[in-house]
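Notes follow the structure.
The values are calculated or read from the model by the stated rules, or taken from the named source; none is laboratory data. Computed from a predicted model, the values in this text were never measured in an experiment. Methodologically, a virtual Cβ is constructed for each residue, glycine included, from the backbone with ideal geometry; neighbour enumeration extends over all protein chains shown. Heads up: the accessible areas ignore ligands, DNA and RNA and are worked out on the full protein's heavy atoms, side chains in. Shrake-Rupley method; radii C 1.70, N 1.55, O 1.52, S 1.80 Å.
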Amino acid sequence: MAASIRTIANVAETSVSSVSRVLNNSGYVSPEVRQRVEAAIRDLNYAPSKGARMLRGEASRMIGLMLPSIDVPFFGILANTIERELFERGYHTLICSSAENEDHEARYVAMLRAQRVEGVIVASAYGGTAHLQPLVGSGIPVIAIDRELVGISDDTVMADHVEGGRMMTRHLVDLGHQRIAVVGAPGHSQPIRLRMEGIRAVLREHGLAPAIEAIGEEHSFAATYALAQSVLLDHTDITAIIGTTDIAAIAAIHAVRDTGRSVPDDCSVIGFDDLPEAAYVLPRLTTVAQPIRAVALEATRKLEERLQDHRQNLERRPASLTRMPVELIIRESTGPAPADI
């Protein structure tokens, strides 16, 4: 049975009010009594109730982290990095995986408010923001990560997805590729749309257009493999595939080989993210690396700044947007366009 304040008072041979003053560090308690109370707290392994602390108006030290899915490697890395950093800063993290469902997000918002979280870091699955408005109404600082939430977030931290799309395409065009397909998911994702913006821009600059854009809604290896396989069977003249994520690109590598071609001799493949798996697939994946852990750490730092401002009753600063640079990592899955196609 958990120890109570009355139990501590009995063991320390003092009054309940004296124990309360020690716990709250308020009012006078003689050094001898304080020593006995602190010894009893240690011996009884006493921990004050979170609910009681919250009723007294103390900060919950809890942060909500809302992500579209945690079984996708990218979001798994984000969640792990944010949770560890928040723990080091003295916070506990409530991780919410919305399964790419806006209704789930709305229910999590209600739960996080009920738990009196101090702040929320969120990568919303969809562009709509009405279901997130209660966070703003409650005065809870919100940091958007990996995608913008205009009118909702205090700050946004994300990779430069448009430039990433440009990098992927520029690399293939520089290698002589003109018949380029795009394969990926999910189509409703803001980062995917931004990468597509960069892809199309570079192709237009060279008088080209995608041979085909196969963008699905399910972001899994199986789903993107099926997309890539269909593209390769229907468009045999394709010499390169842009995977909008590393998962899609790795699936495309398998699809190319399963349709009797080789990577990169017959078809080059490039991805986006630089997940750990990118360096271990064969051939090793050329990709655009986004600084996943740096994005997570910067979002955590931004939230801590907002919480400090709130505690000091400082005027709310204007919202900010931080786009972090991406980098082309050239490995073995891309090469010159074949001359005989």
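Meeting the requirement of 1 or more residues that are basic (K, R) and either under 14 Å from the mean Cα position of the chain (by Cα) or farther than 24 Å from I292 by Cβ (or both), the helices (runs of 4 or more DSSP H) wholly within segment 92-208 are 102-114, 190-205. Considering (1) open to solvent by less than 50 Å² (accessible area, probe 1.4 Å); (2) touching a Gly at 6+ places or on another chain (Cβ under 7 Å), the lone condition that I70 does not fulfil carries the number (1).
With respect to V157, is the statement that it is out of contact with any strand residue (DSSP E or B) (no Cβ under 8 Å at 6 or more places or on another chain), surrounded by 17 or more Cβ atoms within 10 Å (Cβ to Cβ), modelled with pLDDT of 95 or more and not basic (K, R) true? Criteria not met by V157.
Is one or more of the residues making up segment 290-297 of a type outside the set (V, I, T), in contact with a Lys or Arg (Cβ under 7 Å, 6 or more places away or on another chain) and open to solvent by 10 Å² or more (accessible area, probe 1.4 Å)? No, because not a single residue in segment 290-297 is of a type outside the set (V, I, T), in contact with a Lys or Arg (Cβ under 7 Å, 6 or more places away or on another chain) and open to solvent by 10 Å² or more (accessible area, probe 1.4 Å). Among the residues of segment 114-132, those identified as at pLDDT below 90 and not aliphatic (A, V, I, L, M) are Q115, R116, S124, Y126, G127, G128, T129, H131.
When the residues of segment 263-273 are filtered to those that are touching a residue at least 40 places away in the same chain (Cβ under 8 Å) and not in a strand (DSSP E or B), the one that is most open to solvent (accessible area, probe 1.4 Å) is D265. If you go through segment 215-222 one residue at a time, do you hit one that is charged (D, E, K, R) and touching a strand residue (DSSP E or B) at 6+ places or on another chain (Cβ under 9 Å)? Within segment 215-222, none of the residues are charged (D, E, K, R) and touching a strand residue (DSSP E or B) at 6+ places or on another chain (Cβ under 9 Å).
Out of the residues in segment 167-198 that are surrounded by fewer than 22 Cβ atoms within 10 Å (Cβ to Cβ) and charged (D, E, K, R), state the one that is nearest to D146 (Cα to Cα). By that ranking, first place goes to R193.
Among the residues of segment 224-234, is there at least one that is more than 19 Å from H171 (Cβ to Cβ), part of a strand (DSSP E or B), open to solvent by 40 Å² or more (accessible area, probe 1.4 Å) and without any contact (Cβ under 8 Å) to a residue 40 or more places away in the chain? There is no residue in segment 224-234 that is more than 19 Å from H171 (Cβ to Cβ), part of a strand (DSSP E or B), open to solvent by 40 Å² or more (accessible area, probe 1.4 Å) and without any contact (Cβ under 8 Å) to a residue 40 or more places away in the chain.
For segment 238-262, filtered to residues that are farther than 24 Å from G198 by Cα and not in a helix (DSSP H, G or I), the residue that is most open to solvent (accessible area, probe 1.4 Å) is G260.
Selection of segment 298-336 for residues being in a loop (DSSP other than H, G, I, E, B) and open to solvent by less than 30 Å² (accessible area, probe 1.4 Å) yields V326, S333, T334, G335.
Would you confirm, using the coordinates I've provided, whether S153 is polar (S, T, N, Q) and touching a helix residue (DSSP H, G or I) at 6+ places or on another chain (Cβ under 8 Å)? No, not satisfied. Across segment 9-64, the qualifying residues are those that are part of a loop (DSSP other than H, G, I, E, B) and open to solvent by 70 Å² or more (accessible area, probe 1.4 Å), and the one among them that is modelled with the highest pLDDT is E13. Within segment 274-281, does at least one residue satisfy the condition of being closer than 30 Å to G119 by Cβ, part of a helix (DSSP H, G or I) and of a type outside the set (A, V, I, L, M)? The answer is yes, given that some residue of segment 274-281 is closer than 30 Å to G119 by Cβ, part of a helix (DSSP H, G or I) and of a type outside the set (A, V, I, L, M). For segment 200-221, a residue qualifies if it is buried (at least 16 other Cβ atoms within 10 Å of the Cβ) and of a type in the set (A, V, I, L, M, F, W, C), and the qualifying residues are V202, L203, L208, A211, I212, A214, I215. For segment 112-124, the criterion of being of a type in the set (G, A, S), surrounded by fewer than 22 Cβ atoms within 10 Å (Cβ to Cβ) and either within 30 Å of I238 (Cβ to Cβ) or touching a residue at least 12 places away in the same chain (Cβ under 8 Å) (or both) is met by none of the residues.
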